[in-house]
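The values are calculated or read from the model by the stated rules, or taken from the named source; none is laboratory data. Computed from a predicted model, the values in this text were never measured in an experiment. So basically every Cβ, Gly included, is an ideal-geometry build from the backbone, and we count neighbours across all protein chains shown.
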Amino acid sequence: MTGRKRRRVISLRLTEKELQHLNRLAAQSGLSREKLLRALIMGETIRPRPCTHHEDLLRKVSGLCNNANQLAHQANPTGRAEQKSVEKMIELTRKVYNAVKINW
């Protein structure tokens, strides 16, 4: 017995228009046609692949959240935060804001 889980093969005939649509969906989602069809058969929602600038934006938002969390931990016991921490958070907030403004 082979190591393949998927041993069943089906043939599918498509019109040129259907094939173009399938190829377009696969390209937009970043999935292969085979994976796309499996996902559709299983009722999964197919979403477009995120743009490349989304990764950078998510990284910046993550950094902003980490800074806010660190600032909150620092301010919690003392009721105060260092000016340097506040300035760093403001700078990162501006970068995220500008990235969102430029890309959307």
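Considering the range 15-31, the residues that are at pLDDT below 95 and part of a loop (DSSP other than H, G, I, E, B) include one that is nearest to Val96 (Cα to Cα), namely Gly30. Might you check whether a residue that is at pLDDT 95 or above, exposed (fewer than 10 other Cβ atoms within 10 Å of the Cβ) and in a helix (DSSP H, G or I) occurs anywhere in the range 66-77? Checked against the condition, which is being at pLDDT 95 or above, exposed (fewer than 10 other Cβ atoms within 10 Å of the Cβ) and in a helix (DSSP H, G or I), the range 66-77 yields no hits at all. Counting the residues of the range 32-54 that are exposed (fewer than 10 other Cβ atoms within 10 Å of the Cβ) and either of a type in the set (Asp, Glu) or outside any loop (DSSP other than H, G, I, E, B) (or both) gives 2.
Search the range 51-88 for residues being among the aliphatic types (A, V, I, L, M) and in contact with a Leu (Cβ under 6 Å, 6 or more places away or on another chain), and hand back the single one that is nearest to Ala99 (Cα to Cα). That would be Leu64.
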